[in-house]
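All remarks here apply to the structure that follows.
The values are calculated or read from the model by the stated rules, or taken from the named source; none is laboratory data. Nothing here was measured: the structure is a model prediction, and the numbers come from that model. A quick note on method: Cβ atoms are made from the backbone with ideal geometry, for glycine too, and the neighbour counts reach across all protein chains shown.
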Amino acid sequence: MLKGTHSYVEDQRNEKIIIYINGEFFSRNEAKISVFDSGFLLGDGVWEGLRLHNGKLCFIEEHIERLYHGAGKLKIEIGRSEGELINLLFETLKVNKMHTDIHIRLIVSRGLKRTPYQHPNANVGGASIVIIPEYKKADATLLSEGIRLCLVETIRGSQNSQDPRLNTLSKLNCIFGCLEADEKGFDEGIMLDINGFVSTCNSTNFFIVKKGEVWTSTGEFCLPGITRGNIIILCQENNIPVFEKDFIMEDVYSADEVFVTGTFAGVIPAVVIDDTTIGRGNCGELTEKLYHLYKSKITALYPGEQN
């Protein structure tokens with residue numbers, strides 16, 4: 001896999017993973033969804049990316065709350081309680097005999113349709129639920145080498161078009177941003193909001209550091225990232241000034257440090273923005289501090305077994 005915010009160490013065990021689909025388990029090669037499923041036809045559904053660390057699902061309550069919130073906004077009846085859905089996650093992990101360094105994609109679509117049509121009255125039956133667990137360790141070089149970002153023309157929409165705060169299967173907006181960045185030779189794209197302020201990256205949340213202060217967007221036009229929220233809390237707990245505010249690309253180019261956050265890799269430094277090198281072109285001091293603070297929080301919340 002090419003370098004980027006989701007770069008990981010290849011693991012041959014992923015060829016034999018067991019995937020959950022609507023009450024049944026399938027090997028990777030046999031796992032299939034109908035061409036009449038709303039997720040395939042229309043991107044009609046919600047999803048979460050989860051991490052398993054030392055046998056525990058990190059921030060599972062926050063992830064499940066976000067999933068059900070999104071499903072509620074789309075008026076999708078998941079058909080399972082939050083507790084039942086969490087039990088399905090652990091059942092899938094048990095079948096795979098997985099314990100740590102696992103990334104899980106939990107997908108809920110509106111389910112099967114009798115004919116390819118967008119209106120929910122074409123649906124039959126209940127929601128489709130898919131759980132894909134994989135062995136994934138983040139590429140350790142991300143912290144030392146950082147990533148390269150660029151501004152893209154694709155912007156984040158408003159809440160009354162395609163709400164950018166919902167984690168839906170319809171990722172076209174982010175895919176356009178990803179394609180633009182890739183065509184320019186960068187790892188991810190920085191996306192502005194409808195007012196011209198910096199909002200987010202196409203698959204991670206975005207932060208800058210200026211004179212000891214940490215800035216991120218207001219959150220109005222970006223996904224409410226679980227890791228993003230934890231970094232804000234860690235700043236507050238460690239007397240690091242942090243602000244959710246409007247700022248522009250000129251602030252980014254003159255920043256002392258830039259980093260992005262996500263469930264998979266945690267905190268990742270960005271060392272180049274367009275044709276501008278940030279700081280000394282490596283991981284900044286405050287970014288590294290937040291990386292280790294977040295890593296320590298994970299270890300404290302989800303410790304391994306004591307020998």
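For (1) among the hydroxyl-bearing types (Ser, Thr, Tyr); (2) in contact (Cβ under 8 Å) with a residue 40 or more places away in the chain, each residue gets a yes or a no:
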| position | (1), (2) |
| --- | --- |
| 128 | yes, yes |
| 145 | no, yes |
| 165 | no, yes |
| 175 | no, no |
| 187 | no, yes |
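Residue count for region 234-245 under the criterion of being of a type outside the set (A, V, I, L, M) and buried (at least 16 other Cβ atoms within 10 Å of the Cβ): the result is 1.
The rows are residues; the columns are (1) among the aliphatic types (A, V, I, L, M); (2) surrounded by 21 or more Cβ atoms within 10 Å (Cβ to Cβ).
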position	(1), (2)
10	no, no
15	no, no
24	no, no
35	yes, no
38	no, yes
50	yes, yes
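Here 128, 144, 161 are screened, and the one residue that is in contact with an Asp or Glu (Cβ under 6 Å, 6 or more places away or on another chain) and at negative phi is 128. When the residues of region 114-126 are filtered to those that are in contact (Cβ under 8 Å) with a residue 60 or more places away in the chain and closer than 17 Å to residue 46 by Cα, the one that is surrounded by the fewest Cβ atoms within 10 Å (Cβ to Cβ) is 118.
Of all residues in region 215-226, those that are at pLDDT 95 or above have Cβ atoms under 6 Å from Cβ atoms of residues that are small (Gly, Ala, Ser) and outside any loop (DSSP other than H, G, I, E, B), 6 or more apart or on another chain, in 217/199; 221/199; 222/199. Does residue 65 count as farther than 22 Å from residue 136 by Cβ, at pLDDT 95 or above and under 17 Å from the mean Cα position of the chain (by Cα)? Answer is yes for this residue. The single condition from (1) within 20 Å of the chain's Cα centre (by Cα); (2) surrounded by fewer than 17 Cβ atoms within 10 Å (Cβ to Cβ); (3) assigned to a helix (DSSP H, G or I); (4) not acidic (Asp, Glu) that residue 227 fails is (2).
Listed here are the strands (runs of 3 or more DSSP E) enclosed by region 9-90 that have at least 3 residues being more than 18 Å from residue 165 (Cβ to Cβ) and without any contact (Cβ under 8 Å) to a residue 40 or more places away in the chain: 24-27.
Residues in region 146-162 that are buried (at least 16 other Cβ atoms within 10 Å of the Cβ) and either assigned to a loop (DSSP other than H, G, I, E, B) or of a type in the set (Asp, Glu) (or both): 146, 152, 154, 155, 156. For region 180-188, does any single residue satisfy the condition of being surrounded by fewer than 19 Cβ atoms within 10 Å (Cβ to Cβ), in a helix (DSSP H, G or I) and out of contact with any strand residue (DSSP E or B) (no Cβ under 8 Å at 6 or more places or on another chain)? Scanning region 180-188 turns up at least one residue that is surrounded by fewer than 19 Cβ atoms within 10 Å (Cβ to Cβ), in a helix (DSSP H, G or I) and out of contact with any strand residue (DSSP E or B) (no Cβ under 8 Å at 6 or more places or on another chain).
Residue 192: over 23 Å from residue 271 (Cα atoms), in contact with a Lys or Arg (Cβ under 9 Å, 6 or more places away or on another chain) and not assigned by TED's automatic domain parsing to the domain that holds residue 78, yes or no? No: the conditions fail for residue 192.
Mind listing whichever residues of region 37-57 are in contact with a strand residue (DSSP E or B) (Cβ under 9 Å, 6 or more places away or on another chain) and more than 30 Å from residue 115 (Cβ to Cβ)? I'd like the intermediate steps shown before the answer.
To start, the set of residues in region 37-57 that are in contact with a strand residue (DSSP E or B) (Cβ under 9 Å, 6 or more places away or on another chain) comprises 37-53, 57.
49, 50, 51, 52, 53, 57 - these are the residues of region 37-57 that are in contact with a strand residue (DSSP E or B) (Cβ under 9 Å, 6 or more places away or on another chain) and more than 30 Å from residue 115 (Cβ to Cβ).
Quick one: is residue 201 more than 18 Å from the chain's Cα centre (by Cα), crowded, with 17+ Cβ neighbours inside 10 Å and assigned by TED's automatic domain parsing to the domain that holds residue 173? Show your work before the answer.
Details: more than 18 Å from the chain's Cα centre (by Cα): no; crowded, with 17+ Cβ neighbours inside 10 Å: yes; assigned by TED's automatic domain parsing to the domain that holds residue 173: yes.
No.
Would you tally the residues in region 104-145 being in a loop (DSSP other than H, G, I, E, B) and either of a type in the set (Ser, Thr, Tyr) or in contact with a Ser or Thr (Cβ under 8 Å, 6 or more places away or on another chain) (or both)? Working first, answer last.
To start, the set of residues in region 104-145 that are in a loop (DSSP other than H, G, I, E, B) comprises 110-111, 114-119, 124-127, 136-137, 139-140.
From what's left, either of a type in the set (Ser, Thr, Tyr) or in contact with a Ser or Thr (Cβ under 8 Å, 6 or more places away or on another chain) (or both): 110-111, 115, 117, 127, 139.
The qualifying residues number 6.
Of all residues in region 243-298, those satisfying the criterion of being assigned to a loop (DSSP other than H, G, I, E, B), without any contact (Cβ under 8 Å) to a residue 60 or more places away in the chain, closer than 22 Å to residue 193 by Cα and of a type outside the set (S, T, N, Q) are 245, 246, 247, 248, 255, 275.
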